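Just passing along the structure, written as structure tokens.
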Amino acid sequence: MRRVTLIALYDEYCLGVRYMSSVLKQEGHDVHIILFKGVECISPAKVPPRERREEGGYYSFATYSTPRELELLLDCLRRQDPHLIGLSFSSISFGLARFLTQKIKEVFQVPVIWGGVDSTINPNENIQYTDMLCVGEGEYPLRELVRALDQGKDTTRIPSLWVNRDGQVIRNPLMKLEQNLDNYPFPDYELEGKTLILDDGISPLPYPPRSHLYTNFMIMGTRGCPFSCTYCCSGHHRQIYAPDKFLRQRSPENVVEELKYRLRTWPWPIQRIEFYDDVLPLNKAWLRELAPRYATEIRLPFFGYTHPNVGEPENLALLREAGLNYLIMGIQSGSQRVLNEVLNRRHTKERTLRTARNILDCGAKLLVDFIGHNPLVREEDNLETLELICDLPKPCGIIQINPMAFYDNYRIQEIAREQGVMDQMERPEGVHAYRAKPKPEYVFWELLHTLAQFEGYSKSTLMQMAYDPYLRENPGFLQETVTHLYRTTYQDSNPAVPKDDYVQELRWRLAQLEKSPVVRAYQKMKPLLP
């Protein structure tokens, strides 16, 4: 039996880590997961300013470690005494992973392996800072590695693993993908063997305070995506695994069984299920089997993600009957030129509007997603996007518009180089990506596009605002307006929760509470109390 510690940086969901933990536990190994902060902590605003940074810590664009947090991590590793240490991280935490690995290797004489999206995309650079690296899905490669360590066998020839031996890199070919996802055990969400490092301490809580995981359970029924957007890792993964079938689905029975298990064992009442499939309403036969079982055996609201080219009324009706609450549809741009030439998203405005209408017609809520701050986007492209948002059926909410990230080795960065806009970019410290240098016009368009979701602004008014030179140079007025509208329209400024819906749900929960045995017992005892 081997002892293994897996460290997830800024990601309490860390599905890959949790699946690998379950696979290793199946083999009888002792696995501990350290959650080093969480998703909600990823923000430049949360990184201490320079005058408050402590010597011996690490501070990058949006992730950091204080000296105290580093020492807590090392103390955990000393107590766990692992034979293997793994780090899983995304591109925004590359610098932090490099820093922590260096400090770990100064103290421990055990191999360190990196994994996650960033290591799959940037293996040639990342392998320089660690002993081993996993390219692609890691459940079986890690299992074979721990088996080899346990049996004293060669660890340098395991498929999907790259090995750094004194600067000499052994690059093994990829392991074949598991095609039957039901063969994997359920991901390790058990509370035992977990440590959360947060805010200079070991948290008594299993997740960061505002994490969805206290009330929501996240599940993936599908691995892979049928689309190849230039800014997303899914297209890259499909390429490296070709000709293996990359898009795979668990059986509906397997999905329902995991949810039933979590409903029995989750330490808090689960209020909602989060389907993190790249595109949810995809396979009609799969949905026909899943929907009735979910509706009768799970009976919880859920949400998922979709694409404008995937929104057939029959599929949406099945999801709604099962308990679909809302769908998040990635639109990203209203410009056909940008969709075709920049993002490789082949959906027309007409198809986008039809899918949006189909979602609302089935009775679900609609949230939409756009990308901003992109120097590859022109003035006329932004106007087309504004027109599209104005034409979207209402009500619909807009998820906070994120700046485009030009990740290393993604096609979007190649396009930026081909189009000669790299001089308009900057590279945040510790991140494997570029972003656009700040401009008032980026903020202006982000706010104007966001404003267009609210029904109080007509299309003609918004178009007039689009040509207002004062607003372009001084978008602060728009910022105040958008902030006010989010606060007054949505609970906690979350477009997934309109305030009217929140009040109705709160009333329902209070009514359920009044029916509970505890409250009924209290009401009977109340007259007898002093």
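The values are calculated or read from the model by the stated rules, or taken from the named source; none is laboratory data. The structure presented is a predicted model; accordingly, all values stated were derived computationally and were not measured. We place every Cβ from the backbone using ideal geometry, glycine too, and count neighbours over all the protein chains shown.
Quick check, is N172 modelled with pLDDT of 95 or more, out of contact with any Asp or Glu (no Cβ under 7 Å at 6 or more places or on another chain), loosely packed, with under 14 Cβ neighbours inside 10 Å and farther than 24 Å from I412 by Cβ?
no
Turning to a different aspect of this structure: Among (1) buried (at least 22 other Cβ atoms within 10 Å of the Cβ); (2) without any contact (Cβ under 8 Å) to a residue 12 or more places away in the chain, there is one condition G334 misses while meeting the rest; what is its number?
Exception for G334: condition (2).
Please enumerate the residues belonging to segment 151-176 that are of a type in the set (S, T, N, Q) and under 30 Å from the mean Cα position of the chain (by Cα).
Answer for segment 151-176, where residues must be of a type in the set (S, T, N, Q) and under 30 Å from the mean Cα position of the chain (by Cα): S160, N164, N172.
Next up: Keeping to segment 89-118, report how many residues are crowded, with 20+ Cβ neighbours inside 10 Å, touching a Phe, Trp or Tyr at 6+ places or on another chain (Cβ under 8 Å) and over 14 Å from Y64 (Cα atoms).
3
Also: Any residue in segment 178-199 that is closer than 19 Å to P141 by Cβ, touching a residue at least 12 places away in the same chain (Cβ under 8 Å), aliphatic (A, V, I, L, M) and in contact with a Gly (Cβ under 9 Å, 6 or more places away or on another chain)?
yes
Here's another thing I want to ask about it. Go through I359, I371, I328 for me and flag whichever is more than 17 Å from T230 (Cα to Cα) and not in a helix (DSSP H, G or I). Walk me through how you get there before you give the answer.
On the way: I359 fails: not in a helix (DSSP H, G or I); I371 fails: more than 17 Å from T230 (Cα to Cα).
It is I328.
Next up: So for segment 154-161 (the condition being in a helix (DSSP H, G or I), surrounded by 18 or more Cβ atoms within 10 Å (Cβ to Cβ) and in the same structural domain as P82 (by TED's automatic domain parsing)), does at least one residue qualify? Spell out the reasoning first.
Initially, segment 154-161 is screened for residues in a helix (DSSP H, G or I), giving none.
Looking through segment 154-161, none of the residues is in a helix (DSSP H, G or I), surrounded by 18 or more Cβ atoms within 10 Å (Cβ to Cβ) and in the same structural domain as P82 (by TED's automatic domain parsing).
Taking the condition buried (at least 20 other Cβ atoms within 10 Å of the Cβ) and either under 15 Å from L96 (Cα atoms) or in the same structural domain as D150 (by TED's automatic domain parsing) (or both), does L35 pass?
Numbers: buried (at least 20 other Cβ atoms within 10 Å of the Cβ): yes; either under 15 Å from L96 (Cα atoms) or in the same structural domain as D150 (by TED's automatic domain parsing) (or both): yes.
For L35, the condition - buried (at least 20 other Cβ atoms within 10 Å of the Cβ) and either under 15 Å from L96 (Cα atoms) or in the same structural domain as D150 (by TED's automatic domain parsing) (or both) - is met.
In segment 298-319, how many are out of contact with any strand residue (DSSP E or B) (no Cβ under 8 Å at 6 or more places or on another chain) and assigned to a helix (DSSP H, G or I)?
The total comes to 5.
OK, next. Which numbered condition trips up C41, out of (1) over 22 Å from the mean Cα position of the chain (by Cα); (2) among the hydrophobic types (A, V, I, L, M, F, W, C); (3) over 18 Å from P141 (Cβ atoms)?
(1)
Looking at (1) at pLDDT 95 or above; (2) basic (K, R); (3) not assigned by TED's automatic domain parsing to the domain that holds M329, find the lone condition where R210 falls short.
The failed condition is (1).
Got a number for residues in segment 340-363 being within 22 Å of the chain's Cα centre (by Cα) and either closer than 23 Å to L319 by Cβ or buried (at least 22 other Cβ atoms within 10 Å of the Cβ) (or both)?
2
Answer yes if at least one residue in segment 46-63 is more than 27 Å from R223 (Cα to Cα) and buried (at least 24 other Cβ atoms within 10 Å of the Cβ), and no otherwise.
Step one: filter segment 46-63 for residues more than 27 Å from R223 (Cα to Cα), giving 46-63.
This time we only want the ones that are buried (at least 24 other Cβ atoms within 10 Å of the Cβ), so: 63.
Yes, segment 46-63 contains a residue that is more than 27 Å from R223 (Cα to Cα) and buried (at least 24 other Cβ atoms within 10 Å of the Cβ).
Restricting to segment 133-170, give me the number of residues that are in contact with a strand residue (DSSP E or B) (Cβ under 7 Å, 6 or more places away or on another chain) and free of Cβ contacts under 8 Å to residues at least 12 places away in the same chain.
Qualifying residue count, segment 133-170: 0.
Something else about it: Would you mind stating whether V4 is crowded, with 18+ Cβ neighbours inside 10 Å, part of a helix (DSSP H, G or I) and touching a residue at least 12 places away in the same chain (Cβ under 8 Å)?
Numbers: crowded, with 18+ Cβ neighbours inside 10 Å: yes; part of a helix (DSSP H, G or I): no; touching a residue at least 12 places away in the same chain (Cβ under 8 Å): yes.
For V4, the condition - crowded, with 18+ Cβ neighbours inside 10 Å, part of a helix (DSSP H, G or I) and touching a residue at least 12 places away in the same chain (Cβ under 8 Å) - is not met.
Further question on the same structure: Would you check if S60 is more than 23 Å from Q102 (Cα to Cα) and within 24 Å of the chain's Cα centre (by Cα)?
Considered against the rule, which asks whether it is more than 23 Å from Q102 (Cα to Cα) and within 24 Å of the chain's Cα centre (by Cα), S60 comes out as no.
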